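Chemist: Take this structure first; my questions come after.
The values are calculated or read from the model by the stated rules, or taken from the named source; none is laboratory data. Source: prediction; values computed, not measured. Every residue, glycine as well, gets a Cβ built from its backbone with ideal geometry; the counts of neighbours run over all protein chains shown.
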Amino acid sequence: MHDQRCAYVYIHCEGCNIPEEYLCMEYNYGLVFETQKSPKLIGISLVVIILLSYIVCSALHLSTESWLVVFLNTFATTKPTDCSKGTDFTKRPSFNNNHLTLDLGSDGYLVPNIVHYIWYVDNRHDLSFINMLAIISADRFLNPTAIYFYCNHKPKGPNWDRVMRKVPSLAVVHQRPVTCVYGTPITNPVFGPSSSDLERVTTLMDKGGIYLDLDVIVVRSFDPLRNHSCTVGLETRDKVNSGVLVCHRNSPFLRLWLEHYIADYKVWMWNYNAGWVPAYLAERYPEYIHLEPNRLQRPNGDEIDMIWGPESFNWRDNYAVHLLVRTWRSKNLFMVEEPNMDYISRTNSTFSQLARRIILNQP
Ligand SMILES: *[C@@H]1O[C@H](CO)[C@@H](O)[C@H](O)[C@H]1NC(C)=O
Ligand SMILES: *[C@@H]1O[C@H](CO)[C@@H](O)[C@H](O)[C@H]1NC(C)=O
């Protein structure tokens, strides 16, 4: 409705009859006119705004401090309310916060040859073909002393069964996600893919070793990386990808990084804490972190055709190839087929070559 005498009053009020003078009164006295429809409308608008923000932020992968990001980080975040024993890793008996020495392992390396995977899901579901390849590749080419698979629901399906057959040393560890540290609740992430970001850091602070995303195909031994106190791969000149981390449990870098999750967690800024913060820290504390330039996180998302597309890439010099399947899907408007045995025998992308090497023992 629109009234001539109070030109700025617009009221959405269906099914009720408000006399004109009430409209002006309402405006003048700042009263809120409760109607049956308005709470629903406000609710719907809020949902729409949040959804739109989500889509905009994730589509643009906003990496600068835009006003939208600042606004959302200030007003649209939530924190867990429960910091009980199961969710605060600093309360676990294994947590060590004293005598932070960088001791060599019995095999002569700083970082133990242990692999960690993290899998937190809403519902129990199948392990994908890609996840299966990733785990088998880590087992085969890293030859680790242990592989831990932290999860709330164990995966299922034929690919999971195959992993259990081929990698009998894999230890499933049921646990709740870490949401608190030092009794402080950490802001809940908003982008699904970020949900294990904090836990990567705490997992390595707990045991040390090699954290891998479940779409990282290992190509060769990481031994040359295991004598740095902490290693992460550069994705571009000034940004890392934390899909592969190789760190000693007492690495000073992990503690600096964790501090940012406590005090400076920008959940609405895609990749801020997982991608940019480590790069800033590396600039200030180069002694604490080894940035592996090309052999962990290249090809990157901008070079995705070299992984999934027709462009060829010499992956044999890499330590690993991060498949970035989500980026590949979004580049193709999600119109890509799910890889399987048939797919890898029909195509000759870097991915298919890697997959055939793992599953068909091709050279
Ligand atoms: C790792 O570095 C230490 C010194 O910091 C050295 O004593 C050890 O031999 C190195 N290990 C390997 C396998 O290079
Ligand atoms: C696949 O591509 C690689 C190099 O890009 C080449 O060496 C190989 O012969 C190709 N294999 C097939 C089956 O076309």
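Chemist: Examine the stretch 237-248 for a residue that is buried (at least 20 other Cβ atoms within 10 Å of the Cβ) and charged (D, E, K, R), and state whether such a residue exists.
Modeler: Within the stretch 237-248, not a single residue is buried (at least 20 other Cβ atoms within 10 Å of the Cβ) and charged (D, E, K, R).
Chemist: Could you tell me whether N273 is away from ligand 1 (no atom under 16 Å from the Cβ) and buried (at least 22 other Cβ atoms within 10 Å of the Cβ)?
Modeler: Here the answer is yes, as N273 does meet what is asked.
Chemist: Condition test on V267, is it surrounded by 21 or more Cβ atoms within 10 Å (Cβ to Cβ), in contact (Cβ under 8 Å) with a residue 60 or more places away in the chain and of a type in the set (V, I, T)?
Modeler: Spelling it out, V267 is indeed surrounded by 21 or more Cβ atoms within 10 Å (Cβ to Cβ), in contact (Cβ under 8 Å) with a residue 60 or more places away in the chain and of a type in the set (V, I, T).
Chemist: Kindly list the number of the only condition in (1) more than 26 Å from the chain's Cα centre (by Cα); (2) part of a helix (DSSP H, G or I) that fails for A355.
Modeler: It fails just one condition, (1).
Chemist: Among the numbered criteria (1) at positive phi; (2) in contact with a Ser or Thr (Cβ under 7 Å, 6 or more places away or on another chain), which single criterion is violated by S229?
Modeler: Only one criterion in (1) at positive phi; (2) in contact with a Ser or Thr (Cβ under 7 Å, 6 or more places away or on another chain) is unmet by S229, namely (1).
Chemist: Then there's this: Considering every residue within the stretch 282-297, establish whether at least one is polar (S, T, N, Q), part of a loop (DSSP other than H, G, I, E, B) and touching an Asp or Glu at 6+ places or on another chain (Cβ under 7 Å).
Modeler: Yes, that holds for at least one residue.
Chemist: Count, please, the residues in the stretch 326-340 that happen to be surrounded by fewer than 19 Cβ atoms within 10 Å (Cβ to Cβ) and in contact (Cβ under 8 Å) with a residue 40 or more places away in the chain.
Modeler: 3
Chemist: Would it be correct to say that M164 is more than 18 Å from the chain's Cα centre (by Cα) and assigned to a helix (DSSP H, G or I)?
Modeler: On the way: more than 18 Å from the chain's Cα centre (by Cα): yes; assigned to a helix (DSSP H, G or I): yes.
Criteria met by M164.
Chemist: For the stretch 136-147, name all the residues that are within 16 Å of ligand 1 (Cβ to nearest atom) and aliphatic (A, V, I, L, M).
Modeler: The answer is L142, and nothing else.
Chemist: Considering (1) assigned to a helix (DSSP H, G or I); (2) aromatic (F, W, Y); (3) closer than 24 Å to G208 by Cβ, say which one W328 fails and leave the rest.
Modeler: Condition not satisfied by W328: (3).
Chemist: Return the pairs, sorted by first residue and then second, in which the second residue is in a loop (DSSP other than H, G, I, E, B), the first residue lies in the stretch 161-188 and is without any contact (Cβ under 8 Å) to a residue 40 or more places away in the chain, the beta carbons are less than 6 Å apart, and the residues are 6+ apart or on different chains.
Modeler: From the stretch 161-188, the pairs are V172/K154.
Chemist: Output the qualifying pairs, or none if there are none: Cβ atoms under 8 angstrom, residues six or more apart or on different chains, first residue in the stretch 271-289 and without any contact (Cβ under 8 Å) to a residue 12 or more places away in the chain, second residue assigned to a helix (DSSP H, G or I).
Modeler: That search, which allows pairs on different chains as well, returns nothing.
Chemist: Additional query: Search the stretch 283-314 for residues being more than 20 Å from the chain's Cα centre (by Cα), hydrophobic (A, V, I, L, M, F, W, C) and surrounded by fewer than 21 Cβ atoms within 10 Å (Cβ to Cβ), and hand back the single one that is farthest from V69 (Cα to Cα).
Modeler: Filtering first and then ranking leaves F313.
Chemist: Further question on the same structure: Give the residue that is farthest from Q175 (Cα to Cα), with candidates limited to residues of the stretch 64-93 that are charged (D, E, K, R) and in a loop (DSSP other than H, G, I, E, B).
Modeler: Ranking the qualifying residues of the stretch 64-93, first place goes to E65.
A quick yes/no check of all residues on (1) crowded, with 17+ Cβ neighbours inside 10 Å; (2) at pLDDT 95 or above; (3) more than 16 Å from ligand 1 (Cβ to nearest atom); (4) of a type in the set (D, E, K, R):
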{"site": "D107", "(1), (2), (3), (4)": "no, yes, no, yes"}
{"site": "V115", "(1), (2), (3), (4)": "yes, yes, yes, no"}
{"site": "D126", "(1), (2), (3), (4)": "no, yes, yes, yes"}
{"site": "A134", "(1), (2), (3), (4)": "yes, yes, yes, no"}
{"site": "D161", "(1), (2), (3), (4)": "no, yes, yes, yes"}
{"site": "V172", "(1), (2), (3), (4)": "no, yes, yes, no"}
{"site": "T184", "(1), (2), (3), (4)": "no, no, yes, no"}
{"site": "P193", "(1), (2), (3), (4)": "no, no, yes, no"}
{"site": "S196", "(1), (2), (3), (4)": "yes, no, yes, no"}
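Chemist: Also, I was wondering about something else. Quick check, is N73 polar (S, T, N, Q), farther than 30 Å from E337 by Cβ, surrounded by 12 or more Cβ atoms within 10 Å (Cβ to Cβ) and within 16 Å of ligand 1 (Cβ to nearest atom)? Talk me through it step by step, then tell me what you get.
Modeler: Details: polar (S, T, N, Q): yes; farther than 30 Å from E337 by Cβ: yes; surrounded by 12 or more Cβ atoms within 10 Å (Cβ to Cβ): yes; within 16 Å of ligand 1 (Cβ to nearest atom): no.
The answer is no for N73.
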